[in-house]
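> Dropping a structure here in structure tokens format, bear with me for questions.
Throughout, read-outs are computed from the coordinates displayed, never taken from laboratory work. Remember, it's a predicted structure, so these values are computed and weren't measured experimentally. Note: ideal-geometry Cβ built from the backbone for every residue, glycine included; neighbour counts use all protein chains shown.
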Amino acid sequence: MTNDPSCLAGRYAIVGVGEAGLGKAQPGDTALSLQCRSARDALLDAGLTLADVDGVFAHWDDRANALLVSEYLGITPRYVDSTVVGGGSPLTHLIHAMAAIEAGLCSVALVTYGSTQRLDHSRNRAGVITDPRSPSGQFVAPYGVLSPISWYAMLSQQYLHRYQASAEDLGEVAINARRWAQLNSQATLRKPLTMEEYLASPLISDPLRKADICLVSDGAGALIVTKADHARTLAKSPVFIRGFADTYRHHVTPFAVTDWLDPGVIGDCTERALLMSGITRSALSMVQIYDAFTINVLVALEAMGFCAPGQAGAFLRSGIAAPGGALPVNTSGGGLAFNHSGQFGMQLMIESVRQLRGECGERQVANASSCLVQASGLLMSAFMSMVLATEESDQ
Amino acid sequence: MSTLPARPLPQPTTETAAYWAAAQEQRLVIQRCSSCGHCQFYPRAFCLSCLSDRLGWINASGQGRLYTYTVCRIAPSPAFESRLPYVVALIDLDEGVRLLANILDADLERIAIGARVGVCFESVSESCTLPQFTLLD
């Protein structure tokens, strides 16, 4: 056995997806309940039962709970993982699930996340309550930082400065999200957005406006992953995980003296995932980028090599990422217009699976055969890239 | 008489007590390794460069450049509302470390990435003084 992760390329597949309580949960709903309902739907989707699941990867609202989910579902897992690396955690959970299955520690993994942050008004402008003894509590919180908004605002300011980019470049991301959301009956913001309306949106943390910031939604989602040979025997067409990579750096506090626009972090991670998949950028059917803020999409498109540094605004202005374009980006409407229940990585994965199965109705990308997902989490600390496809290999 | 809502204040630890005590005396100090000369922020129990625990403190020049910044138009808690709009900035000190602070009394038209800034001090409670910065030039 080699220790090169590329030996896993195409050998695992997502076989079931489910979601619950997207957008606005009902009073009385809890994150645990939504999460377990989404897990039930994912199992029904796959044609599996609770008894088939022996690995559980879960947490909710940043509290670790793989065991609570297992208990609610009556699963006695052989393997649990409640890794919390922010909004991209579900991608990391998928990677950990493949590693665990490969090592023989479990065979069918449930990955789930849920939140009732909107219903509970649990999201605070300052971010999570900070221990005043922690590095953030001592050196960040006393200065009135909006978290995470101000971090991405400072990233945006650096971007605008370095590339002489404009507010309109950020606006293109918000407009693209709304174009897709118009085609998604489950999306929260379905009205088109004009550039004039974008520019009239109030500044929250310069240069970010309200329209640059993702929604605060409720919702839960679940994914079932297993080996490819098992996947082919189940109810739905498998969506194969062809390539993946994750990487971590220090940004929970902003004190590491690094270049915030260094494209190497997202770029190297994506390059590794693409190389492993054997799929080239030009062959991709679509790209899903975690858009907690508009700036995420500009930075990611450039770092991943779809356009030159500073050119992502013009790239989007060309219409290439819009419905009918050659490289659809964020086909659900994204965290900006579809929903954002705290860990949008889950919704990015569900949308990708449904697109590759051809289940997306009005917003379906024609002849979809592959998808690149790029997610991040915890204030630019965690980065994940994953390549999914309808075929397990190109041979 | 109304009382102002409480602002989040730092609670010094073994590693950071000297930093906050110096700020109370209106001095900005930075941790420097006596073995290898490496400067680091935030303060830690040992040197991240050579793992030595022979750390000392140097008086920083208090001068640096704005790495990036934002203007907050809404406040994270009521304690900050009276200050709106205010600038949150990352400052690259000439000593090579990066700090976060507000730029006090900033002319929003003059603030820019790369601008030279200098330290000042803001007393926020009887026992706490925060290092802050103002635009130079």
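> Using a Förster distance of 56 Å, how high is the FRET efficiency between B:Glu81 and A:Glu362, based on the Cβ-Cβ distance and rounded to 0.05?
On the way: r = 44 Å, r/R0 = 0.78.
Between B:Glu81 and A:Glu362 the formula returns 0.80.
> Under 23 Å Cα-Cα from A:Lys227, which lysines qualify once same-chain neighbours fewer than 8 residues away are excluded?
A:Lys236
> Considering the zone a paramagnetic label at A:Leu105 would reach in this model (a point 7 Å from Cα along the Cα-to-Cβ line), which residues of segment A:64-84 have amide N under 19 Å from it?
A:64-71, A:75-84
> In the Gaussian network model of chain A, springs joining C-alpha atoms below 10 Å, which of A:Gly333, A:Gly243, A:Gly278 carries the largest mean-square fluctuation?
A:Gly278
> Continuing with the same structure: Give me the net charge of B:Ser61's neighbourhood, meaning all other residues with Cβ under 11 Å from the Cβ of B:Ser61; Lys, Arg count +1, Asp, Glu -1. Before the final figure, lay out each step's value.
On the way: positive: none; negative: B:Asp94, B:Glu95.
Result for the neighbourhood of B:Ser61: -2.
> Using only helices, what value at 222 nm comes out for chain B when you add -39,500 (n - 2.57) per DSSP H run of length 4 or more and divide by the total residues, to the nearest 500 deg cm²/dmol?
Working: 1 runs with 8 residues, N = 137.
Roughly -1500 deg cm²/dmol at 222 nm, from the helical runs in chain B.
> Springs between alpha-carbon pairs under 10 angstrom, Gaussian network model over chain B: which of B:Cys36, B:Cys47, B:Cys120 fluctuates most?
Maximum fluctuation in the GNM of chain B, among the listed residues, is at B:Cys36.
> Using only alpha carbons, build the gyration tensor for segment B:13-59 and give me the equivalent ellipsoid semi-axes, biggest first, whole Å. Can you show the working numbers first?
Numbers: eigenvalues 71, 22, 10 Å².
Equivalent-ellipsoid dimensions as semi-axes: 19, 11, 7 Å.
> Give the longest segment of chain B that steers clear of GluC sites (Glu not before Pro) in DSSP loops with at most 15 neighbouring Cβ atoms within 10 Å, not counting the sites themselves.
B:26-108
> Taking only the alpha-carbon atoms of chain A, what semi-axes of the equivalent ellipsoid follow from 5 times the gyration tensor eigenvalues under a square root, in whole Å, largest first? Mind dumping the intermediate values first?
Details: eigenvalues 183, 118, 86 Å².
After diagonalising the Cα gyration tensor, the semi-axes are 30, 24, 21 Å.
> Working out 0.36 nm times the residue gap between B:Cys36 and B:Thr14, then minus their Cα-Cα distance, what length gain in nm do you get to one decimal?
Working: separation 22, 0.36 × 22 = 7.92 nm, distance 2.19 nm.
Extra length from B:Cys36 to B:Thr14 when fully extended: 5.7 nm.
> Whole-Hz Karplus ³J(HN,Hα) for segment B:51-62, in order, using 6.51 cos²θ - 1.76 cosθ + 1.60 and θ = phi - 60°, x for Gly and Pro?
Result, ordered by residue: 6, 5, 9, 7, 9, x, 10, 10, 6, 6, 4, x Hz.
> Still on this structure, I have one more. Would you list, by chain and number, the lysines whose Cα falls below 28 Å from the Cα of A:Lys24, excluding same-chain residues fewer than 8 positions away?
Cα-Cα hits under 28 Å: A:Lys191, A:Lys210.
> Continuing with this model, one more query. Over all residues in A:151-163, what is the mean tally of Cβ atoms on other chains that come within 10 Å of each residue's Cβ?
Values: counts 4, 1, 7, 9, 2, 2, 10, 5, 1, 2, 6, 2, 0.
Mean shielding by partner chains, rounded to a whole number: 4.
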